[in-house]
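The values are calculated or read from the model by the stated rules, or taken from the named source; none is laboratory data. The shown structure was predicted, so the numbers you read here are calculated from the model rather than taken from an experiment. A quick note on method: Cβ atoms are made from the backbone with ideal geometry, for glycine too, and the neighbour counts reach across all protein chains shown. When the accessible area is computed, the model is the full protein with side chains, heavy atoms only, and any ligands, DNA or RNA have been set aside. Shrake-Rupley method; radii C 1.70, N 1.55, O 1.52, S 1.80 Å.
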Amino acid sequence: MESHVQILENYSLRQHNTFGIEATASHFAALDRKEDLLDVLEYRHKLNEELFILGGGSNILLLDNLRKFVVKNEIGGIEVLHEDAYEAIVRVGAGTVWHQFVMHAVSRGWGGVENLSLIPGTVGASPIQNIGAYGVEIKDVFVELEAVNLENGTTTIFDHQSCAFGYRYSVFKAAEKDKWIITSVTFRLGKSREVNTSYGDIRKILGEMGITRPGIADVSRAVVQIRSSKLPDPAVLGNAGSFFKNPEIEADLYHELQQEFEGIPGYPVDGTRIKVPAGGLIEKAGWKGYRDGNVGVHERQALVLVNYGGATGLEISNLAERIQQSVEEKFRIRLSPEVNFIR
Ligand code: FAD
Ligand code: EPU
(Lines give C-alpha, C1' and ligand atoms only; values in the text may rest on other atoms or scores of the structure.)
(Ligands and ions follow the chains in the order given, each with its own letter.)
Protein backbone atom coordinates (compact mmCIF):
# COMPACT_ATOMS: atom_id res chain seq x y z
CA MET A 1 0.00 0.00 0.00
CA GLU A 2 1.28 3.48 -0.87
CA SER A 3 2.16 5.56 2.14
CA HIS A 4 0.27 8.83 2.36
CA VAL A 5 2.11 10.26 5.32
CA GLN A 6 2.83 13.92 4.80
CA ILE A 7 5.87 15.30 6.60
CA LEU A 8 5.80 18.97 7.55
CA GLU A 9 8.81 21.04 8.60
CA ASN A 10 9.09 23.66 11.37
CA TYR A 11 5.49 23.00 12.23
CA SER A 12 3.72 24.99 14.96
CA LEU A 13 2.42 22.83 17.84
CA ARG A 14 0.30 25.62 19.30
CA GLN A 15 -2.98 23.98 18.27
CA HIS A 16 -1.69 20.62 19.48
CA ASN A 17 -1.10 21.35 23.18
CA THR A 18 -3.86 22.38 25.56
CA PHE A 19 -1.56 24.86 27.33
CA GLY A 20 -1.63 26.72 23.98
CA ILE A 21 2.13 27.23 24.05
CA GLU A 22 3.81 28.35 20.86
CA ALA A 23 6.62 25.95 19.98
CA THR A 24 7.58 24.26 16.74
CA ALA A 25 8.52 20.72 15.78
CA SER A 26 11.39 20.37 13.30
CA HIS A 27 9.29 17.63 11.64
CA PHE A 28 5.65 16.67 12.08
CA ALA A 29 3.30 14.07 10.64
CA ALA A 30 -0.23 12.90 11.40
CA LEU A 31 -0.59 9.12 11.36
CA ASP A 32 -4.08 7.76 10.74
CA ARG A 33 -3.26 4.21 9.60
CA LYS A 34 -1.12 1.66 11.40
CA GLU A 35 0.11 0.46 7.97
CA ASP A 36 2.06 3.72 7.55
CA LEU A 37 3.99 3.30 10.76
CA LEU A 38 6.94 1.46 9.22
CA ASP A 39 7.40 4.34 6.76
CA VAL A 40 7.40 6.75 9.67
CA LEU A 41 10.06 4.71 11.47
CA GLU A 42 12.18 4.53 8.33
CA TYR A 43 11.87 8.27 7.77
CA ARG A 44 12.89 8.88 11.34
CA HIS A 45 16.17 7.04 10.75
CA LYS A 46 16.83 9.20 7.69
CA LEU A 47 16.18 12.34 9.74
CA ASN A 48 18.22 11.01 12.60
CA GLU A 49 15.87 12.72 15.05
CA GLU A 50 14.15 11.46 18.14
CA LEU A 51 10.50 10.50 17.68
CA PHE A 52 7.87 12.03 19.91
CA ILE A 53 4.40 10.50 19.91
CA LEU A 54 1.68 13.08 20.42
CA GLY A 55 -1.96 12.47 21.29
CA GLY A 56 -4.21 15.39 22.18
CA GLY A 57 -1.35 17.31 23.85
CA SER A 58 -3.38 17.63 27.06
CA ASN A 59 -0.69 16.40 29.42
CA ILE A 60 2.47 18.02 28.05
CA LEU A 61 4.44 21.18 28.71
CA LEU A 62 6.53 22.26 25.72
CA LEU A 63 9.67 23.87 27.11
CA ASP A 64 11.23 24.84 23.79
CA ASN A 65 11.03 24.31 20.04
CA LEU A 66 11.50 20.57 19.51
CA ARG A 67 14.29 19.14 17.38
CA LYS A 68 12.18 16.01 17.10
CA PHE A 69 10.01 14.19 14.61
CA VAL A 70 6.58 14.63 16.20
CA VAL A 71 4.02 12.03 15.12
CA LYS A 72 0.43 12.75 16.06
CA ASN A 73 -1.53 9.57 16.58
CA GLU A 74 -4.85 9.69 14.73
CA ILE A 75 -5.44 5.95 14.30
CA GLY A 76 -9.20 5.59 14.84
CA GLY A 77 -11.79 2.83 15.00
CA ILE A 78 -13.90 1.13 17.65
CA GLU A 79 -14.24 -2.62 17.15
CA VAL A 80 -16.43 -4.94 19.24
CA LEU A 81 -14.43 -8.13 19.82
CA HIS A 82 -17.07 -9.85 21.94
CA GLU A 83 -20.50 -8.97 23.26
CA ASP A 84 -22.99 -10.91 25.33
CA ALA A 85 -25.74 -10.09 27.82
CA TYR A 86 -23.23 -9.08 30.50
CA GLU A 87 -20.32 -7.31 28.83
CA ALA A 88 -18.72 -5.91 25.71
CA ILE A 89 -15.03 -6.21 24.90
CA VAL A 90 -13.95 -3.42 22.60
CA ARG A 91 -10.70 -2.59 20.86
CA VAL A 92 -10.27 1.12 20.30
CA GLY A 93 -7.82 2.82 17.95
CA ALA A 94 -5.30 4.87 19.94
CA GLY A 95 -6.03 8.12 18.12
CA THR A 96 -9.73 8.05 19.04
CA VAL A 97 -10.66 11.04 21.18
CA TRP A 98 -11.18 9.69 24.71
CA HIS A 99 -14.48 11.47 25.37
CA GLN A 100 -15.90 10.26 22.03
CA PHE A 101 -15.16 6.70 23.10
CA VAL A 102 -16.84 7.36 26.45
CA MET A 103 -19.93 8.77 24.70
CA HIS A 104 -20.00 5.73 22.38
CA ALA A 105 -19.95 3.41 25.43
CA VAL A 106 -22.54 5.43 27.36
CA SER A 107 -24.93 5.54 24.38
CA ARG A 108 -24.82 1.73 24.14
CA GLY A 109 -25.25 1.19 27.87
CA TRP A 110 -21.73 -0.17 28.32
CA GLY A 111 -20.60 0.79 31.81
CA GLY A 112 -17.18 1.41 33.31
CA VAL A 113 -15.87 4.62 31.75
CA GLU A 114 -18.75 7.04 32.50
CA ASN A 115 -16.88 8.46 35.52
CA LEU A 116 -14.06 9.34 33.12
CA SER A 117 -16.31 11.52 30.94
CA LEU A 118 -14.81 14.71 29.51
CA ILE A 119 -11.15 13.86 30.22
CA PRO A 120 -9.30 15.42 27.28
CA GLY A 121 -6.87 13.52 25.06
CA THR A 122 -6.74 10.24 23.20
CA VAL A 123 -7.46 6.62 24.01
CA GLY A 124 -3.80 5.74 23.29
CA ALA A 125 -2.53 8.02 26.04
CA SER A 126 -5.06 6.78 28.61
CA PRO A 127 -2.94 3.85 29.89
CA ILE A 128 0.26 5.91 30.06
CA GLN A 129 -0.66 7.61 33.31
CA ASN A 130 -3.65 5.33 34.02
CA ILE A 131 -6.10 8.23 33.76
CA GLY A 132 -8.52 8.53 36.61
CA ALA A 133 -11.34 10.62 38.01
CA TYR A 134 -14.25 10.33 40.44
CA GLY A 135 -13.31 6.97 41.90
CA VAL A 136 -12.42 5.14 38.64
CA GLU A 137 -9.15 4.56 36.78
CA ILE A 138 -8.71 2.96 33.37
CA LYS A 139 -6.99 0.02 35.01
CA ASP A 140 -10.50 -0.97 36.19
CA VAL A 141 -11.65 -1.66 32.61
CA PHE A 142 -8.33 -2.30 30.85
CA VAL A 143 -7.73 -5.66 29.17
CA GLU A 144 -4.61 -5.12 27.03
CA LEU A 145 -2.95 -2.77 24.59
CA GLU A 146 -1.06 -3.16 21.37
CA ALA A 147 2.15 -1.18 20.91
CA VAL A 148 4.83 -0.94 18.25
CA ASN A 149 8.46 -0.58 19.24
CA LEU A 150 9.89 2.70 17.95
CA GLU A 151 13.37 1.22 17.41
CA ASN A 152 12.64 -2.01 15.56
CA GLY A 153 8.96 -1.81 14.50
CA THR A 154 7.91 -5.02 16.25
CA THR A 155 4.40 -5.27 17.67
CA THR A 156 3.86 -6.34 21.28
CA ILE A 157 0.78 -6.89 23.42
CA PHE A 158 0.99 -5.52 26.98
CA ASP A 159 -1.50 -7.21 29.29
CA HIS A 160 -2.79 -5.72 32.53
CA GLN A 161 0.04 -7.04 34.65
CA SER A 162 2.83 -5.90 32.35
CA CYS A 163 1.49 -2.33 32.42
CA ALA A 164 2.11 -2.21 36.22
CA PHE A 165 -0.62 0.40 36.74
CA GLY A 166 -0.58 2.62 39.80
CA TYR A 167 -1.89 6.08 40.70
CA ARG A 168 -1.10 8.24 37.61
CA TYR A 169 1.49 5.58 36.76
CA SER A 170 2.30 2.71 34.39
CA VAL A 171 5.42 1.09 33.01
CA PHE A 172 5.22 3.68 30.19
CA LYS A 173 6.16 6.39 32.72
CA ALA A 174 9.26 4.41 33.76
CA ALA A 175 11.24 1.58 32.10
CA GLU A 176 9.23 1.69 28.86
CA LYS A 177 8.99 5.48 28.61
CA ASP A 178 9.14 6.86 25.04
CA LYS A 179 9.96 3.43 23.58
CA TRP A 180 6.57 2.58 22.06
CA ILE A 181 3.67 3.90 20.10
CA ILE A 182 0.45 2.52 21.48
CA THR A 183 -1.79 1.69 18.50
CA SER A 184 -4.92 0.31 20.21
CA VAL A 185 -6.34 -0.34 23.67
CA THR A 186 -8.86 -3.06 24.57
CA PHE A 187 -11.42 -2.51 27.33
CA ARG A 188 -13.96 -4.73 29.10
CA LEU A 189 -17.20 -2.82 29.71
CA GLY A 190 -20.12 -4.12 31.76
CA LYS A 191 -23.83 -4.04 31.03
CA SER A 192 -25.24 -4.17 34.56
CA ARG A 193 -26.87 -1.06 36.01
CA GLU A 194 -24.22 -0.86 38.70
CA VAL A 195 -22.58 2.55 38.81
CA ASN A 196 -19.85 4.06 40.98
CA THR A 197 -21.11 7.08 42.93
CA SER A 198 -18.52 6.79 45.71
CA TYR A 199 -17.24 10.33 45.05
CA GLY A 200 -19.26 12.73 47.17
CA ASP A 201 -19.66 15.39 44.48
CA ILE A 202 -21.40 12.90 42.16
CA ARG A 203 -23.99 11.93 44.78
CA LYS A 204 -24.60 15.60 45.51
CA ILE A 205 -25.21 16.54 41.86
CA LEU A 206 -27.42 13.49 41.26
CA GLY A 207 -29.42 14.49 44.32
CA GLU A 208 -29.83 18.01 42.90
CA MET A 209 -30.96 16.44 39.62
CA GLY A 210 -33.56 14.45 41.59
CA ILE A 211 -32.14 11.12 40.42
CA THR A 212 -32.41 8.32 42.97
CA ARG A 213 -31.53 5.29 40.83
CA PRO A 214 -28.78 6.61 38.56
CA GLY A 215 -27.79 4.81 35.38
CA ILE A 216 -24.62 5.10 33.33
CA ALA A 217 -25.82 8.14 31.38
CA ASP A 218 -26.85 9.96 34.60
CA VAL A 219 -23.40 9.49 36.12
CA SER A 220 -21.76 10.69 32.90
CA ARG A 221 -23.95 13.83 32.94
CA ALA A 222 -23.14 14.48 36.61
CA VAL A 223 -19.40 14.15 35.95
CA VAL A 224 -19.61 16.51 32.97
CA GLN A 225 -21.43 19.03 35.15
CA ILE A 226 -18.88 18.84 37.99
CA ARG A 227 -15.91 19.07 35.67
CA SER A 228 -17.34 21.99 33.70
CA SER A 229 -17.91 23.93 36.92
CA LYS A 230 -14.41 23.36 38.32
CA LEU A 231 -11.89 22.89 35.54
CA PRO A 232 -11.07 25.55 32.96
CA ASP A 233 -11.84 24.68 29.33
CA PRO A 234 -8.49 24.64 27.48
CA ALA A 235 -10.20 26.18 24.44
CA VAL A 236 -10.78 29.27 26.60
CA LEU A 237 -7.85 29.20 29.03
CA GLY A 238 -4.71 27.15 28.34
CA ASN A 239 -4.03 24.42 30.91
CA ALA A 240 -3.16 20.73 31.25
CA GLY A 241 -5.49 19.71 34.08
CA SER A 242 -3.82 18.92 37.40
CA PHE A 243 -0.25 20.12 37.09
CA PHE A 244 0.97 18.06 40.08
CA LYS A 245 0.04 14.64 41.42
CA ASN A 246 -1.62 14.36 44.81
CA PRO A 247 1.25 13.37 47.12
CA GLU A 248 1.15 10.18 49.14
CA ILE A 249 2.87 10.88 52.46
CA GLU A 250 3.82 8.85 55.53
CA ALA A 251 1.13 8.73 58.21
CA ASP A 252 3.57 10.23 60.76
CA LEU A 253 4.06 13.37 58.69
CA TYR A 254 0.32 13.57 58.06
CA HIS A 255 -0.43 13.52 61.79
CA GLU A 256 2.23 16.19 62.44
CA LEU A 257 0.66 18.40 59.77
CA GLN A 258 -2.80 17.88 61.22
CA GLN A 259 -1.51 19.26 64.52
CA GLU A 260 0.12 22.25 62.83
CA PHE A 261 -2.59 23.15 60.29
CA GLU A 262 -6.32 23.00 60.42
CA GLY A 263 -8.36 20.96 57.96
CA ILE A 264 -5.85 19.01 55.92
CA PRO A 265 -7.89 16.21 54.37
CA GLY A 266 -6.24 12.86 53.72
CA TYR A 267 -7.21 9.48 52.31
CA PRO A 268 -5.42 6.27 53.39
CA VAL A 269 -3.67 4.56 50.45
CA ASP A 270 -2.34 1.57 52.37
CA GLY A 271 -1.30 0.76 55.95
CA THR A 272 1.29 3.53 56.18
CA ARG A 273 0.61 6.19 53.57
CA ILE A 274 -2.01 8.91 53.19
CA LYS A 275 -2.93 10.72 49.98
CA VAL A 276 -3.28 14.47 50.46
CA PRO A 277 -5.01 16.74 47.90
CA ALA A 278 -2.25 18.94 46.48
CA GLY A 279 -4.81 21.61 45.53
CA GLY A 280 -5.45 22.24 49.24
CA LEU A 281 -1.74 22.56 50.04
CA ILE A 282 -1.21 25.01 47.16
CA GLU A 283 -4.24 27.00 48.26
CA LYS A 284 -3.07 27.11 51.90
CA ALA A 285 0.36 28.29 50.68
CA GLY A 286 -1.47 31.30 49.20
CA TRP A 287 -1.27 30.58 45.48
CA LYS A 288 -4.90 30.14 44.48
CA GLY A 289 -5.87 32.79 41.92
CA TYR A 290 -2.26 34.08 41.76
CA ARG A 291 -1.25 35.69 38.47
CA ASP A 292 2.14 36.78 37.20
CA GLY A 293 1.92 38.21 33.68
CA ASN A 294 1.00 35.43 31.26
CA VAL A 295 0.79 32.63 33.81
CA GLY A 296 -1.17 31.86 36.93
CA VAL A 297 -2.93 29.46 39.27
CA HIS A 298 -6.58 28.84 38.48
CA GLU A 299 -9.00 30.65 40.78
CA ARG A 300 -11.33 27.65 41.27
CA GLN A 301 -8.76 24.82 41.30
CA ALA A 302 -5.31 25.54 42.71
CA LEU A 303 -3.86 22.36 41.17
CA VAL A 304 -4.35 23.78 37.67
CA LEU A 305 -1.74 26.17 36.25
CA VAL A 306 -2.96 28.35 33.41
CA ASN A 307 -1.67 30.27 30.40
CA TYR A 308 -3.50 33.59 30.13
CA GLY A 309 -2.12 33.91 26.60
CA GLY A 310 1.36 34.06 25.14
CA ALA A 311 3.08 32.13 27.94
CA THR A 312 6.20 30.11 27.27
CA GLY A 313 6.79 26.66 28.69
CA LEU A 314 9.59 28.13 30.76
CA GLU A 315 7.26 30.68 32.39
CA ILE A 316 4.93 27.85 33.40
CA SER A 317 7.77 25.66 34.68
CA ASN A 318 9.24 28.58 36.68
CA LEU A 319 5.88 29.15 38.34
CA ALA A 320 5.61 25.41 39.04
CA GLU A 321 9.02 25.47 40.70
CA ARG A 322 8.11 28.42 42.90
CA ILE A 323 4.96 26.59 44.00
CA GLN A 324 6.94 23.42 44.72
CA GLN A 325 9.42 25.36 46.85
CA SER A 326 6.78 27.20 48.79
CA VAL A 327 4.72 24.04 49.47
CA GLU A 328 7.86 22.20 50.54
CA GLU A 329 8.89 24.97 52.95
CA LYS A 330 5.45 25.09 54.54
CA PHE A 331 4.46 21.41 54.58
CA ARG A 332 7.72 19.45 54.07
CA ILE A 333 6.13 17.82 51.02
CA ARG A 334 7.77 17.93 47.59
CA LEU A 335 5.08 17.93 44.88
CA SER A 336 5.81 15.91 41.73
CA PRO A 337 4.50 17.12 38.37
CA GLU A 338 1.87 15.03 36.64
CA VAL A 339 2.43 16.89 33.36
CA ASN A 340 5.17 15.61 31.02
CA PHE A 341 7.92 18.19 30.41
CA ILE A 342 9.03 18.03 26.76
CA ARG A 343 12.24 19.60 25.47
P1 FAD B 1 -0.53 13.84 25.25
O2 FAD B 1 -0.55 15.00 26.14
O3 FAD B 1 -0.50 14.08 23.79
O4 FAD B 1 0.71 12.91 25.64
C5 FAD B 1 0.98 12.60 26.99
C6 FAD B 1 2.13 11.57 27.04
O7 FAD B 1 1.69 10.35 26.46
C8 FAD B 1 3.35 12.01 26.22
O9 FAD B 1 4.48 11.55 26.88
C10 FAD B 1 3.17 11.27 24.89
O11 FAD B 1 4.39 10.99 24.24
C12 FAD B 1 2.50 9.98 25.34
N13 FAD B 1 1.61 9.41 24.33
C14 FAD B 1 0.43 9.94 23.87
N15 FAD B 1 -0.15 9.09 23.00
C16 FAD B 1 0.66 8.02 22.90
C17 FAD B 1 0.61 6.80 22.15
N18 FAD B 1 -0.40 6.51 21.33
N19 FAD B 1 1.64 5.92 22.28
C20 FAD B 1 2.68 6.19 23.10
N21 FAD B 1 2.78 7.31 23.83
C22 FAD B 1 1.79 8.21 23.73
N23 FAD B 1 -5.97 13.22 33.49
C24 FAD B 1 -6.52 12.34 34.37
O25 FAD B 1 -5.97 11.26 34.61
N26 FAD B 1 -7.70 12.63 35.01
C27 FAD B 1 -8.35 13.78 34.79
O28 FAD B 1 -9.41 13.99 35.38
C29 FAD B 1 -7.81 14.72 33.87
N30 FAD B 1 -8.43 15.90 33.66
C31 FAD B 1 -7.89 16.79 32.77
C32 FAD B 1 -8.56 18.00 32.55
C33 FAD B 1 -8.06 18.94 31.66
C34 FAD B 1 -8.81 20.22 31.43
C35 FAD B 1 -6.85 18.66 30.96
C36 FAD B 1 -6.32 19.65 29.96
C37 FAD B 1 -6.16 17.47 31.20
C38 FAD B 1 -6.67 16.52 32.10
N39 FAD B 1 -6.03 15.30 32.38
C40 FAD B 1 -6.58 14.39 33.23
C41 FAD B 1 -4.75 14.99 31.74
C42 FAD B 1 -4.88 14.40 30.31
O43 FAD B 1 -6.17 14.60 29.81
C44 FAD B 1 -4.57 12.90 30.29
O45 FAD B 1 -3.27 12.66 30.78
C46 FAD B 1 -4.68 12.32 28.88
O47 FAD B 1 -4.62 10.91 28.94
C48 FAD B 1 -3.59 12.83 27.93
O49 FAD B 1 -3.92 12.39 26.63
P50 FAD B 1 -3.29 13.06 25.35
O51 FAD B 1 -3.71 12.23 24.19
O52 FAD B 1 -3.62 14.49 25.29
O53 FAD B 1 -1.73 12.84 25.62
N1 EPU C 1 -8.75 21.41 47.11
C2 EPU C 1 -8.62 22.62 47.73
N3 EPU C 1 -8.41 23.72 46.95
C4 EPU C 1 -8.33 23.67 45.60
C5 EPU C 1 -8.48 22.43 44.97
C6 EPU C 1 -8.69 21.29 45.75
O7 EPU C 1 -8.67 22.72 48.93
O8 EPU C 1 -8.12 24.72 44.98
C9 EPU C 1 -8.96 20.19 47.94
C10 EPU C 1 -10.34 20.08 48.54
O11 EPU C 1 -10.18 19.47 49.81
C12 EPU C 1 -11.04 19.10 47.62
C13 EPU C 1 -9.90 18.17 47.26
O14 EPU C 1 -8.76 19.03 47.17
O15 EPU C 1 -12.07 18.42 48.26
C16 EPU C 1 -10.09 17.42 45.98
O17 EPU C 1 -10.31 18.30 44.90
P18 EPU C 1 -10.92 17.78 43.52
O19 EPU C 1 -12.11 16.94 43.77
O20 EPU C 1 -11.06 18.95 42.61
O21 EPU C 1 -9.82 16.79 42.99
P22 EPU C 1 -8.24 16.88 42.91
O23 EPU C 1 -7.65 15.97 43.94
O24 EPU C 1 -7.77 18.28 42.90
C25 EPU C 1 -8.05 14.82 41.32
C26 EPU C 1 -7.35 14.50 40.05
C27 EPU C 1 -8.13 15.05 38.87
C28 EPU C 1 -9.51 14.42 38.86
C29 EPU C 1 -10.22 14.75 40.17
C30 EPU C 1 -11.55 14.06 40.30
C31 EPU C 1 -4.98 14.31 40.53
C32 EPU C 1 -3.64 14.93 40.43
N33 EPU C 1 -6.00 15.03 40.07
O34 EPU C 1 -8.02 16.24 41.46
O35 EPU C 1 -7.45 14.70 37.68
O36 EPU C 1 -10.27 14.88 37.78
O37 EPU C 1 -9.38 14.31 41.27
O38 EPU C 1 -11.37 12.72 40.58
O39 EPU C 1 -5.10 13.17 40.99
C40 EPU C 1 -5.75 15.42 36.19
O41 EPU C 1 -5.14 14.39 36.51
O42 EPU C 1 -5.30 16.22 35.32
C43 EPU C 1 -7.01 15.71 36.83
C44 EPU C 1 -7.73 16.80 36.57
Residues satisfying the stated conditions in the stretch 286-304, i.e. within 11 Å of ligand 2 (Cβ to nearest atom) and either outside the structural domain of residue 257 (by TED's automatic domain parsing) or out of contact with any Pro (no Cβ under 7 Å at 6 or more places or on another chain) (or both): 287, 288, 289, 297, 299, 300, 301, 302, 303
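Within the stretch 54-67, identify whether any single residue is basic (Lys, Arg), closer than 25 Å to residue 311 by Cβ and either within 16 Å of ligand 2 (Cβ to nearest atom) or open to solvent by less than 30 Å² (accessible area, probe 1.4 Å) (or both), and answer yes or no. Talk me through it step by step, then tell me what you get.
Going through the stretch 54-67, the residues basic (Lys, Arg) turn out to be 67.
The next check asks that each one be closer than 25 Å to residue 311 by Cβ; those that pass are 67.
Those still in the list that are either within 16 Å of ligand 2 (Cβ to nearest atom) or open to solvent by less than 30 Å² (accessible area, probe 1.4 Å) (or both) too: none.
No - not one qualifying residue is present in the stretch 54-67.
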Failed condition for residue 197, given (1) open to solvent by less than 30 Å² (accessible area, probe 1.4 Å); (2) touching a Leu at 6+ places or on another chain (Cβ under 8 Å): (1)
Residues of the stretch 135-145 satisfying the condition of being closer than 15 Å to residue 158 by Cα and either assigned to a loop (DSSP other than H, G, I, E, B) or within 9 Å of ligand 2 (Cβ to nearest atom) (or both): 141
Any strands (runs of 3 or more DSSP E) falling wholly within the stretch 249-343 and containing at least 2 residues that are open to solvent by less than 40 Å² (accessible area, probe 1.4 Å) and either closer than 22 Å to residue 19 by Cβ or among the β-branched types (Val, Ile, Thr) (or both): 295-297, 305-307, 340-342
Top-ranked residue in the stretch 204-223 [being out of contact with any Leu (no Cβ under 9 Å at 6 or more places or on another chain) and within 13 Å of ligand 2 (Cβ to nearest atom); ranked as most open to solvent (accessible area, probe 1.4 Å)]: 204
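For residue 152, state whether it is part of a loop (DSSP other than H, G, I, E, B) and in contact with a Phe, Trp or Tyr (Cβ under 9 Å, 6 or more places away or on another chain). Lay out the reasoning, then the answer.
Working: part of a loop (DSSP other than H, G, I, E, B): yes; in contact with a Phe, Trp or Tyr (Cβ under 9 Å, 6 or more places away or on another chain): no.
No, not satisfied.
Table: residues versus (1) in contact (Cβ under 8 Å) with a residue 24 or more places away in the chain; (2) within 16 Å of ligand 2 (Cβ to nearest atom); (3) open to solvent by less than 30 Å² (accessible area, probe 1.4 Å).
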residue: 96; (1), (2), (3): yes, no, yes
residue: 112; (1), (2), (3): yes, yes, yes
residue: 120; (1), (2), (3): yes, yes, no
residue: 124; (1), (2), (3): yes, no, yes
residue: 133; (1), (2), (3): yes, yes, yes
residue: 149; (1), (2), (3): yes, no, yes
residue: 154; (1), (2), (3): no, no, no
